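Novice: Sending over a structure as structure tokens; questions will come in a sec.
Read-outs: derived from the displayed coordinates by stated rules, not from any lab. What you see is a predicted model, and the numbers here were worked out from it, not measured in a lab. Quick reminder, even Gly has a Cβ in these numbers, built from the backbone with ideal geometry, and neighbours come from all protein chains shown.
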Amino acid sequence: MILALVAIGVLLTVRVSIVWGSYQMLLEEGDYSRENKVDSKRYEFINGAYWCLITAGYLAWSFIENNWNRSWIIWPVAGVAYAAIYGIIKALRSKQ
């Protein structure tokens, strides 16, 4: 019974979120505003460079140390660090 209630709750949440996201795209609000679109294109190179460097570091550490069972920790750390870097860049941009 609980599993059925959870499934219904997830179904309703997903359906409403899809509609909400569509409204945001159509009305150009939130992440889809014109300013955010320009910023995304302006800083797009940072995404590619950052994740390429992280991947290179992961592969280097894993192959050199042959430590595949511990090197996975790079990915959650890199994800949190990326969010911090992106937040700092956005804050610096908003001050200008």
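Novice: With θ taken as phi - 60° and the coefficients 6.51, -1.76 and 1.60, list the Karplus ³J(HN,Hα) couplings across the stretch 7-15 in order, rounded to whole Hz; mark glycine and proline as x.
Specialist: 4, 5, x, 5, 4, 5, 5, 5, 5
Novice: Once every Cα of the chain carries one equal point scatterer and solvent is ignored, give the base-10 log of I(q)/I(0) from the Debye formula at q = 0.21, 0.23, 0.26 Å⁻¹, two decimals.
Specialist: -1.01, -1.08, -1.23
Novice: I would also like to ask the following. Karplus couplings for the stretch 28-33 from phi (6.51 cos²θ - 1.76 cosθ + 1.60, θ = phi - 60°), rounded to Hz, Gly and Pro as x?
Specialist: With the stated coefficients, the stretch 28-33 comes to 6, 10, x, 5, 9, 5 Hz.
Novice: Using each residue's phi in the stretch 87-95, evaluate 6.51 cos²θ - 1.76 cosθ + 1.60 at θ = phi - 60° and report the 3J(HN,Hα) Karplus result to the nearest Hz, with x for Gly and Pro.
Specialist: x, 5, 4, 5, 5, 5, 5, 6, 6
Novice: Applying 1/(1 + (r/R0)^6) with R0 = 22 Å to the Cβ-Cβ distance of Ser94 and Trp51, what FRET efficiency is obtained, to the nearest 0.05?
Specialist: Between Ser94 and Trp51 the formula returns 0.35.
Novice: Starting with the fewest neighbours, write out Thr55, Thr13 ranked by other beta-carbon atoms found within 10 Å of each beta-carbon.
Specialist: Taking fewest neighbouring Cβ atoms as first place, the list is Thr13, Thr55.
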